[in-house]
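See structure below.
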Amino acid sequence: MLKNIAVIAYHSSPLLEPGSGDSGGMTIYVRELAAAVARLGVRTDIFTRAQGSARRITELSNGVRVIAIEAGPDAPLQKEELSAHVDEFVAGVRAFSVTQRVAYDLVHSHYWQSGLVARSLADTWNVPLVHSHHTLGQVKNQTLAPGDVLEPPSRLSGEAAVNLAADVLIASTDDEWEHLSCLYGVSHDALKIIHPGVDHGLFHPGDRAAARAELDLDDELMVLYVGRIQPLKGLELAIRAIGELAGSMQKAVRFLVVGGASGRGGDGEITRLNRLVSDLHLGNVVRFEGAQPHDRLPIFYRAADALVVCSHSESFGLAALEAHACGTPVVGTAVGGLSYIVVDGVSGYLIDTRDPSVFARRLRAVLDPKASDGFHESASRSAATFSWDRCAAQFFQLYDCLVRERSPEACTC
Ligand code: UDP
């Protein structure tokens with residue numbers, strides 16, 4: 001029954017390296033889920049807006065293709081500019097399906113603008129629509145970081161339109177489920193929680209000494225941040241906490257910041273953080289490493305004594321899960337999926353205040369040589385419960401059920 005799925009990733013191509021611009025956790029999510037669903041025998045075409053010299057059809061992995069559809073200028077666009085090209089994109093996907101003679105059994109869209117595309121496609125093809133928001137405009141506005149700008153009304157109304165059209169909305173956490181239910185009024189029947197996974201083939205404990213040598217680290221303590229840089233990620237708090245920590249440890253402390261600027265406030269945030277580093281005289285402590293290729297990240301996680309997460313909000317927090325999968329403890333704000341990933345006081349700490357002294361105290365506890373082995377072992381154990389195959393199995397069951405509901409004569413349940 002379930003043979004072909006159309007995935008819509010309109011604003012951000014899964015072919016882009018994550019870590020800066022619009023490419024981050026969602027990129028990894030779309031790629032990994034499609035690959036894992038394909039392992040269950042379902043072919044996936046991921047449709048994205050054509051930009052630059054990318055080929056029209058790219059084989060991403062076994063059973064997964066990325067299809068670049070022309071819509072608007074052949075150049076990067078701000079998210080706000082993308083709504084104007086939705087109709088052209090929809091027409092391009094429809095034409096592809098006709099000329100290539102591929103019939104899709106279901107559409108799964110990621111982020112609200114993709115949801116608007118998917119709404120039209122699901123209507124035309126008369127197939128079910130599954131949607132993942134990843135982040136929600138209303139939540140972003142309620143937890144706005146200093147220096148960030150409000151999400152526009154067009155996003156909020158777009159999200160509401162997608163919520164009405166989707167057969168099922170996916171929440172990554174209980175919190176997202178609650179936001180969709182309470183802030184957006186989505187009926188409970190249309191909501192399903194599925195946690196994302198992690199690639200244990202890439203992210204696993206490994207040779208720590210080799211990883212540290214590769215990063216030019218001696219026996220200093222290393223705290224790591226991995227993610228895009230924008231006000232939402234709250235890195236000022238991490239830098240202030242590292243300042244307090246560095247002044248109170250016997251060993252030297254390094255703070256490695258991996259990731260590049262993202263969104264409207266990204267470049268300004270990097271300038272502001274550099275100024276803060278200089279004001280706090282932390283030039284020898286903080287190293288901005290820029291965005292790194294995804295498959296190089298295990299070196300950073302393995303070399304680190306702890307990962308710090310200071311986000312004002314998170315959809316899930318894949319970097320924390322990757323760190324744990326490499327056996328690295330996490331000290332983070334209790335946002336997104338961190339409460340599923342981090343066992344408080346056991347594999348790291350969850351903190352519900354934005355006080356740098358509290359972060360510094362918790363980091364000190366994790367870095368304590370008498371306790372650190374226990375934190376590292378617990379981190380790996382906690383991550384072992386997450387995998388993309390487990391996530392894909394839940395999606396497969398959902399997709400299959402929705403497709404069967406559309407053709408009751410084929411239903412065997
Ligand atoms: N990432 C990467 N290179 C970088 C920085 C980040 O590959 O330089 C990846 C990281 O491994 C993770 C994703 O980007 O998979 C960030 O996901 P997360 O859920 O932590 O944050 P989001 O991007 O969703 O805000």
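The values are calculated or read from the model by the stated rules, or taken from the named source; none is laboratory data. Computed from a prediction, not measured in an experiment: that's the story for all the values here. With ideal geometry, Cβ positions are generated from the backbone for all residues, glycine too; neighbour counts draw on all protein chains shown. Heavy atoms of the whole protein, side chains included, go into the accessibility calculation; ligands, DNA and RNA do not. Shrake-Rupley method; radii C 1.70, N 1.55, O 1.52, S 1.80 Å.
So the values come out like this:
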item: Cβ-based charge dipole, the chain, positive-most Cα from Ile8, Ala36, Ala160; result: Ala36
item: 222 nm mean residue ellipticity, helices alone, for the chain (DSSP H n ≥ 4; -39,500 (n - 2.57); rounded to 500); result: -12000 deg cm²/dmol
item: Inter-probe distance in nm under a simple model that places probes 7 Å from Cα toward Cβ, at Arg94 and His200; result: 4.5
item: Region 10-150, Rg to Rh (Cα coordinates; Rh as Kirkwood inverse mean 1/r); result: 0.96
item: Fully extended contour minus Cα-Cα distance, from Asp373 to Ala393, at 0.36 nm per residue; result: 3.9 nm
item: Region 214-373: C-alpha gyration tensor shape, a/c 1.5 cut-off, then a/b vs b/c; result: rounded
item: Inter-probe distance in nm under a simple model that places probes 7 Å from Cα toward Cβ, at Glu80 and Gln250; result: 5.4
item: Neighbourhood net charge (11 Å Cβ-Cβ; Lys/Arg +1, Asp/Glu -1) for Lys251; result: -3
item: GNM flexibility winner over the chain from Val37, Val331, Val139 (Cα, springs under 10 Å); result: Val139
item: DSSP bridge orientation in the chain - percent antiparallel, rounded to nearest 5; result: 10
item: Using alpha-carbon coordinates, inclination of helix 369-383 to the longest axis of the chain, degrees; result: 0
item: Distant-in-sequence amide H partners of Phe316 (H built 1.01 Å from N, under 5 Å); result: Gly337
item: Student exercise, the chain dipole from Lys, Arg, Asp, Glu Cβ charges, in Debye to nearest 20; result: 360
item: Note, ³J(HN,Hα) from phi for region 167-181, Karplus 6.51, -1.76, 1.60, rounded to Hz, x at Gly and Pro; result: 6, 9, 9, 9, 10, 7, 9, 4, 4, 5, 4, 5, 4, 5, 6
item: Listed residues Asp216, Asp267, Asp389, most fluctuating in the chain (Gaussian network, C-alpha, under 10 Å); result: Asp216
item: Approximate shape of region 92-191 as ellipsoid semi-axes (Cα gyration tensor, √5λ), whole Å, largest first; result: 28, 16, 10
item: Cα centre as origin, Lys/Arg/Asp/Glu Cβ charges: region 244-328 dipole, Debye; result: 180
item: Accessible area in the full protein assembly, largest first, 1.4 Å probe, for Lys370, Lys140; result: Lys370, Lys140
item: Dipole magnitude (debye, nearest 20) for region 278-413, charges at Cβ of Lys, Arg, Asp, Glu; result: 200
item: Local electrostatic count, Ile193, Cβ distance below 11 Å [Lys/Arg +1, Asp/Glu -1]; result: -3
item: Amide hydrogen neighbours beyond the local backbone of Ile193, cut-off 5 Å, H modeled; result: Ala171
item: Region 133-199 and region 19-60: distance between their alpha carbon centers, rounded to Å; result: 21
item: Within region 274-302: backbone nitrogen closer than 18 Å to the Glu220 label point (7 Å, Cα to C-beta); result: 274-290, 300-302
item: Residue-wise HN-Hα coupling along region 333-343, computed from phi with Karplus coefficients 6.51, -1.76, 1.60 (Hz; x: Gly, Pro); result: 5, 7, 10, x, x, 4, 6, 7, 7, 9, 8
